[in-house]
Amino acid sequence: RSYARSINDHGTILGWSTEANTGINRSWTYSRSGGLVWITSPPGNDNVPSFRINNAGQSTLWVSPNTTSPGRAFVAQPDGSLVEYNISGFPGGLVTEVSDAGVAVGYNFTWVGGGYAWDWNALVWPSPNAPYQAFPTWYGVANFLDRFNSINFEGLAVGTMINGNGTGVIYDTTNGGI
C-alpha cells in the first residue's frame, strides 16, 4: 500500500509505501520532473513514515519508538541529507511540518497509565539546532495543548487542545499567544 501525505506548491508529492512482505514503511517523493525518489532512512531505522513537504522540499519523517530505541524526529533535506530535531527528555516525538520560513512544529510524548495512553506536549523549534519550546499547559489550568499539526509562512501554527472536548488552537510562533 502507498499513502500520499502532502503536496507542495511545486507539485512534489510526499508519501510512504508499506512493503507487503515486511510491513516496513519507506518514505518517498514524487514529481513529474524527478519521478519517484526514495528518501534515505536514518541509520538503524528502516520503518520511517513521512508527513509533510514544504516548498523548499524539506520532508518531515518519524522514527517510531520501540523496545530498543526512543522515537526520533527528522527532516529530510532536498539534497537527501537528514537533520535530527531535538526531542531529548521524551521517549518519542515528531516534527509534523516545517514552514517555508524554517520554523518547525510538532509534538513529543511520554507513556502514562502503564503504556496504555500518551501524555503529549506541543513543540516549536525556531531552527533545527535550537532547543524546542514546549507547551504542556496553558495559563496554569488543565487545558493541555497536545500537538501542533501545521504551520504557515507567517508563523501561525494550528493544533489541538485537550480540555475534555478537543478544542482547535491557533498559535502565533512569532509573537506568542493564542
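The values are calculated or read from the model by the stated rules, or taken from the named source; none is laboratory data. Quick caveat: nothing in here was measured; it's all calculated off a predicted structure. Please note: Cβ atoms are built from the backbone with ideal geometry, for glycine as well, and neighbour counts cover all protein chains shown. With ligands, DNA and RNA removed, areas are computed over all heavy atoms of the protein, side chains included. Shrake-Rupley method; radii C 1.70, N 1.55, O 1.52, S 1.80 Å.
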On the basis of being under 19 Å from Glu97 (Cα atoms), open to solvent by 30 Å² or more (accessible area, probe 1.4 Å) and of a type in the set (Gly, Ala, Ser), does Ser33 make the cut? no
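For every residue, the table says whether it meets (1) acidic (Asp, Glu); (2) closer than 26 Å to Asn108 by Cβ; (3) outside any strand (DSSP E or B).
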site	(1), (2), (3)
Tyr3	no, yes, no
Trp16	no, yes, no
Ser27	no, yes, no
Tyr30	no, no, no
Asn47	no, yes, yes
Phe51	no, yes, no
Gly57	no, yes, yes
Going through the range 1-46 one residue at a time, which ones are aromatic (Phe, Trp, Tyr) and within 14 Å of Pro78 (Cα to Cα)? Trp28, Tyr30, Trp38
Hey, among the residues in the range 91-110 that are open to solvent by 10 Å² or more (accessible area, probe 1.4 Å) and modelled with pLDDT under 80, which one's nearest to Gly159 (Cα to Cα)? Tyr107
Within the range 148-170, take every residue that is at pLDDT 65 or above and more than 22 Å from Asn8 (Cα to Cα) and give me the one that is nearest to the chain's Cα centre (by Cα). Thr160
When you look at Trp16, is it among the aromatic types (Phe, Trp, Tyr), touching a residue at least 24 places away in the same chain (Cβ under 8 Å) and under 22 Å from Glu97 (Cα atoms), yes or no? yes
Could you list, in sequence order, the residues of the range 32-45 that are of a type outside the set (Val, Ile, Thr) and in a loop (DSSP other than H, G, I, E, B)? Arg32, Ser33, Gly34, Ser41, Pro42, Pro43, Gly44, Asn45
